[in-house]
Amino acid sequence: MSAKVSQVQQRHSSYGQERTFRGLEKFAIERRLSRAHNLMAMLDPDKQNTVLELGCGFFANNLKILSEQYPQFAFTGVDIAVTEKSNEKIDLVAADLQTWQPKASYDAVLSLAVIEHLTEPDQHFALISACLSSGGFAGLTTPTPEAHRALSFFAALSIFDKAEISDHKAYLTETGLRQLASQAGLEVIEYERFSLGFNQWMLLRKN
């Protein structure tokens, strides 16, 4: 395994595998997931769209919620470790995101709080593009640079997972995200800061 693979992946665990979320951390997760509805709104509700989440977490909790709200869609999740399949609407794949390549294209791709853990964010944008069908949409969240001190403070108080926060490799600016998207052939059609400006959301389209 590459030395550049994140500490989280080196210990062969996925988000949520070793810790139960609570309080403010759970609220932050819910706020990120709420942005996924912006992506779902771009899809044809009468079509059996395929939706992929990169870095879905061990239990794929986001996909479980989305599969209940959008039962007509087919969902796939990828992470370094995943639980045994517990939902017939969700296909889970255990794989390293920095080496995994898709065998099919998807109508939509989600990447929620993933890219800040990677040393080569350009490769992650390229992966998002490779996973999307022509005209497909992607949604991405990542902390803003201003969030660094706040997250470190909450981690020190054990409000947020210390290992997850210490594993952050970079806090990308809006300009940096837009440049990475453009390099990957993705058009930014929506940008928003949320959670008091500590998080950011991008809705992308592959032309």
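The values are calculated or read from the model by the stated rules, or taken from the named source; none is laboratory data. Note that the coordinates shown come from a computational prediction; the quantities given were computed from them, not determined experimentally. Counting neighbours? That spans all protein chains shown, and the Cβs are built from the backbone with ideal geometry, glycine included.
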* Asked: List the pairs whose first member sits in the range 25-45 and is assigned to a helix (DSSP H, G or I), whose second member is exposed (fewer than 12 other Cβ atoms within 10 Å of the Cβ), and whose Cβ atoms are under 8 Å apart, counting only residues at least 6 apart or on separate chains?
  -> MET40/GLN69
* Asked: Does at least one position in the range 130-147 carry a residue that is more than 18 Å from the chain's Cα centre (by Cα) and over 26 Å from THR76 (Cβ atoms)?
  -> yes
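If I ask for residues that are buried (at least 18 other Cβ atoms within 10 Å of the Cβ) and at pLDDT 95 or above, which ones from the range 93-107 would you list?
Filtering the range 93-107 for residues buried (at least 18 other Cβ atoms within 10 Å of the Cβ) gives 97-98, 106-107.
Of everything in the range 93-107, those that are buried (at least 18 other Cβ atoms within 10 Å of the Cβ) and at pLDDT 95 or above turn out to be TYR106, ASP107.
For the range 113-135, how many residues are among the aliphatic types (A, V, I, L, M), farther than 19 Å from ALA60 by Cα and either in contact with a His (Cβ under 7 Å, 6 or more places away or on another chain) or surrounded by fewer than 21 Cβ atoms within 10 Å (Cβ to Cβ) (or both)?
3
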* Hey, LYS89 over 21 Å from ARG193 (Cα atoms) and without any contact (Cβ under 8 Å) to a residue 12 or more places away in the chain or not -> no
* Check on LEU110, crowded, with 21+ Cβ neighbours inside 10 Å, under 17 Å from the mean Cα position of the chain (by Cα) and assigned to a strand (DSSP E or B) -> yes
* Can you work out which of the residues in the range 46-98 that are in a loop (DSSP other than H, G, I, E, B) and of a type in the set (Ser, Thr, Tyr) is farthest from PHE125 (Cα to Cα)? => SER86
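For the range 142-169, what are the residues that are hydroxyl-bearing (Ser, Thr, Tyr) and either in a helix (DSSP H, G or I) or touching a residue at least 24 places away in the same chain (Cβ under 8 Å) (or both)?
THR142, THR144, SER152, SER166
Looking at LEU204, LEU180, LEU196, LEU172, which one is assigned to a loop (DSSP other than H, G, I, E, B), more than 16 Å from PHE27 (Cα to Cα) and of a type in the set (A, V, I, L, M, F, W, C)? Outline the logic, then answer.
On the way: LEU204 fails: assigned to a loop (DSSP other than H, G, I, E, B); LEU180 fails: assigned to a loop (DSSP other than H, G, I, E, B); LEU196 fails: more than 16 Å from PHE27 (Cα to Cα).
Answer to the selection: LEU172.
Looking for whichever is among the small types (Gly, Ala, Ser), in a strand (DSSP E or B) and under 19 Å from ARG32 (Cα atoms) here; the options are GLY135, GLY139. Which one fits?
Working: GLY135 fails: under 19 Å from ARG32 (Cα atoms).
None of the other options fit; the residue is GLY139.
Looking at SER182, is it at pLDDT 95 or above and within 27 Å of PRO45 (Cβ to Cβ)? Write out each step before concluding.
On the way: at pLDDT 95 or above: yes; within 27 Å of PRO45 (Cβ to Cβ): no.
For SER182, the condition - at pLDDT 95 or above and within 27 Å of PRO45 (Cβ to Cβ) - is not met.
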